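Working notes for the structure below.
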Amino acid sequence: MHFPDSSTMTPPLNPDIAAAQLLIQNVSKVYYGRQTWVDKLLKQTSQDFVAIADINLQIASNTFVSIIGPSGCGKSTLLNIIAGLLRPSTGSIILNGEPIKGPGPDRGVVFQNYALMPWMNVAENLRFAIETVYPNMPLVQQKSIVHEYIDLVGLSGAEHKHPHELSGGMKQRVGIARALAINPEILLMDEPFGALDALTRGFLQDEVARIWEQQRKTVILITHSIEEALLLSDQIVMMTRGPAAKIAEVLNIPFPRPRKREELDQYSHYHELKAALEQHLSRETRAVEEARIRRK
Amino acid sequence: MTNNVLQVTTTRARSVTLTTNQKSFLLFLILLITFLGGWELGARMGGFLPIMPSASQTIKDFWFWVSNPFFDYGPNDQGIGWLLLTSLRRVLTGFLIGSAIAVPLGILLGLSRVAARAVDPFIQVLRPVSPLAWLPLGLALMKDSEKTALFVIAITSIWPTLSNTIFGVSNVDPAYLNVARTLGASRWRTIRKVILPAAAPSIVAGLRISLGIAWLVIVAAEILLSGGIGYFIWNEWNNLKITSIITAILIIGLVGLVMDRLFGLLQTKVSFGQRS
């Protein structure tokens, strides 16, 4: 594709779009039901299911964006489409001007269930990722990157432990280190602390905040937690309930950085933002529950 | 009051309490002694055929075989150690032939859902067939009794490894595959570094069952052969030496147990806390 030099030509209509690193355009995902004549003959037909519909979003470089919404609203579907693990039914995702065609190491993914290889120790899990992405990198350099990122997430000394010897919080640190070690442009996190207890959760949120201050990567975080979103994000994207989930609103979070968990409620607009998020989430969640009751 | 409580605990500590293991061992001894006693009594009172030896005679003969395992007075009169080595060589050869087919084939089939489903009926039908049923077919195909024995061992022990390998390879946790995909790993690298290690616990579990079956089959496979513990049983039956046969049964059981435990260790080694 040919892009004209924007400085000499007429400027693009929306300056936000030009600045955006990641552009999500009209993305929807439909899981098609079984409706061929064979299915009809076998009485196995099912309806199409629209998970997300017409999602449009621009994400600028080096911003921390959280996506929040009721359970089953297609947040993970959207993240998997950005990761390239799912194909969108319509629309496209453009990263640095190039449409995404599949999964790739320009996007690092942190999975909810950690997804560490149990047969590899901590260092080997990281080295597997680095070696896969940079097959020609000298071994010494690979090892120094492994060391650097294990250090970054505070796991020095646990290099030779296997995942089953680690706690949930430690596993997710490895997951984060692995995603960052390949030096992606965007970090995608799918409810990374969902399976952790509240204390570990808070501890890891602080860790992510600290790491983000150091690395300043673009991050997209899927979460259920309002506190988590307010602590970490520059922007919070609120999604409506599914089916056919959409973006309801995007909130800008103007708190100064580095943020402190203890002082969060003293930042200006904290209470308004929190109330807006709570109202949205409880309204959507109630509607989901009611729809479920009526369906039965 | 406090004193009272203290006293109660001390008396409890003094009375004999056994752990579950100790209780089980005690019960085991009681069962063993009851069994041997019943056998001895039955034999002395003429409850069995005259060829059935008494328990004491059997224990004496068992000790004879075990205390002197390596004598060799010709093919029909060998120590139990030589017999075992011959049998183990056959079983391991047959098992290795079977595994050398089952593991690579299982991996190939496991990678394709269609192929795995297509082959499944063959496995399900052939798996329960008795080793004796394969003997005539083996002889017709191999034209040689030694090769027939290996054929029978291989073909009866191949199935658990094959079906477990297919299962392990086709049921790798999608999370691991997604990690490989997001990193942009090639198909070959994914197979080598992700699918095979993830399937290893299933494959080793299959091999463990297969080795058990290969050992189980040895008596049937050695009908046509000379040497080996299976042959020994057939030969001693012709000599009407029941004590030797009981000795062989016990030895076969113990050796099978040891091999199974060794594979159990290997299984823990490749599992890394995963379900096996």
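The values are calculated or read from the model by the stated rules, or taken from the named source; none is laboratory data. In this text, all values refer to a predicted model and were calculated from it rather than measured experimentally. Just the protein is used for accessible areas: all its heavy atoms, side chains included, with ligands, DNA and RNA removed. Shrake-Rupley method; radii C 1.70, N 1.55, O 1.52, S 1.80 Å.
Go through A:Arg295, B:Arg127 and list them by solvent-accessible area, largest first, probe radius 1.4 Å.
Details: A:Arg295 185, B:Arg127 100 Å².
Final ranking, largest accessible area leading: A:Arg295, B:Arg127.
Suppose we compare each residue of the range B:243-276 in its chain alone and in the full protein complex with a 1.4 Å probe; which ones drop by at least 30 Å² of accessible area?
B:Phe272
Using the Karplus curve 6.51 cos²θ - 1.76 cosθ + 1.60 with θ = phi - 60°, what ³J(HN,Hα) values do you get for each residue of the range A:47-55, in whole Hz, with x for Gly and Pro?
Listing the rounded values in order: 7, 5, 10, 8, 7, 10, 10, 6, 8 Hz.
Rank A:Leu57, A:Leu152, A:Leu166 by mean-square fluctuation in a GNM of chain A with C-alpha springs under 10 angstrom and give only the top-ranked residue.
A:Leu166
When we measure straight from the Cα of A:Lys260, which lysines land under 20 angstrom away, once same-chain ones fewer than 8 places off are left out?
Those lysines meeting the cut-off are A:Lys217, A:Lys274.
Run the reach check for A:Lys75 against lysines, Cα to Cα strictly under 17 Å, same-chain hits fewer than 8 apart removed. What comes back?
List returned: A:Lys29, A:Lys246.
If you take the accessible area of B alone, add that of A alone, and subtract the area of the pair, what total do you get in Å², probe 1.4 Å, to the nearest 100? Please report the intermediate quantities before stating the final value.
Details: alone 16800 and 15920 Å², together 30870 Å².
Using a 1.4 Å probe on protein heavy atoms, the buried area is about 1800 Å².
Hey, any idea what % of the range A:99-152's accessible area is carbon plus sulfur with a 1.4 Å probe? Mind showing how you got there, number by number?
Working: 1270 of 2340 Å².
Accessible surface attributable to carbon and sulfur in the range A:99-152 totals 54 percent.
Can you give me the span-like helices of chain B, meaning DSSP H runs with 24 Å or more of Cα extent along the axis and Kyte-Doolittle mean at or above -1.0?
On the way: long enough: B:20-44 (36 Å, 0.90); B:80-111 (45 Å, 1.70); B:145-170 (38 Å, 0.90); B:196-216 (29 Å, 1.47); B:242-271 (43 Å, 1.62).
TM-like helix candidates: B:20-44, B:80-111, B:145-170, B:196-216, B:242-271.
Give the shape of chain A as rounded, prolate or oblate, defined through the alpha-carbon gyration tensor: a ≥ b ≥ c are the square roots of its eigenvalues, a/c under 1.5 means rounded, and otherwise the shape is prolate if a/b is larger than b/c and oblate if not. Let's see the in-between values first.
Working: a/c = 1.29, a/b = 1.25, b/c = 1.03.
Because its axes are fairly even, with a/c under 1.5, chain A counts as rounded.
At a cut-off of 20 Å², which residues of the range B:153-197 become less accessible once all protein chains are present than in their chain alone, using a 1.4 Å probe?
Flagged in the range B:153-197: B:Ala175, B:Tyr176, B:Asn178, B:Val179, B:Arg181, B:Thr182, B:Leu183, B:Arg189, B:Lys193, B:Val194, B:Pro197.
What whole-number value in Å² describes the accessible area per residue of the protein assembly as shown for a 1.4 Å probe? Let's see the in-between values first.
Working: 30870 Å² over 572 residues.
For the protein assembly as shown, the per-residue accessible area is 54 Å².
Which residues belonging to the range A:148-182 lose at least 40 Å² of 1.4 Å-probe accessible area when the assembly is complete, relative to their chain isolated?
Buried-area filter returns A:His164.
Could you order B:Trp39, A:Trp37, B:Trp63 so the one with the most accessible surface comes first? Probe is 1.4 Å.
Details: B:Trp39 35, A:Trp37 185, B:Trp63 165 Å².
Solvent-accessible surface, decreasing: A:Trp37, B:Trp63, B:Trp39.
Quick test of the membrane-span-like rule: which DSSP H helices of chain A reach at least 15 Å along their long axis (C-alpha atoms) with mean Kyte hydropathy at least 0.5? Walk me through the numbers on the way to the answer.
On the way: long enough: A:122-133 (17 Å, 0.62); A:139-152 (20 Å, 0.13); A:168-181 (19 Å, 0.16); A:198-215 (25 Å, -0.52); A:270-295 (37 Å, -1.13).
Qualifying helices: A:122-133.
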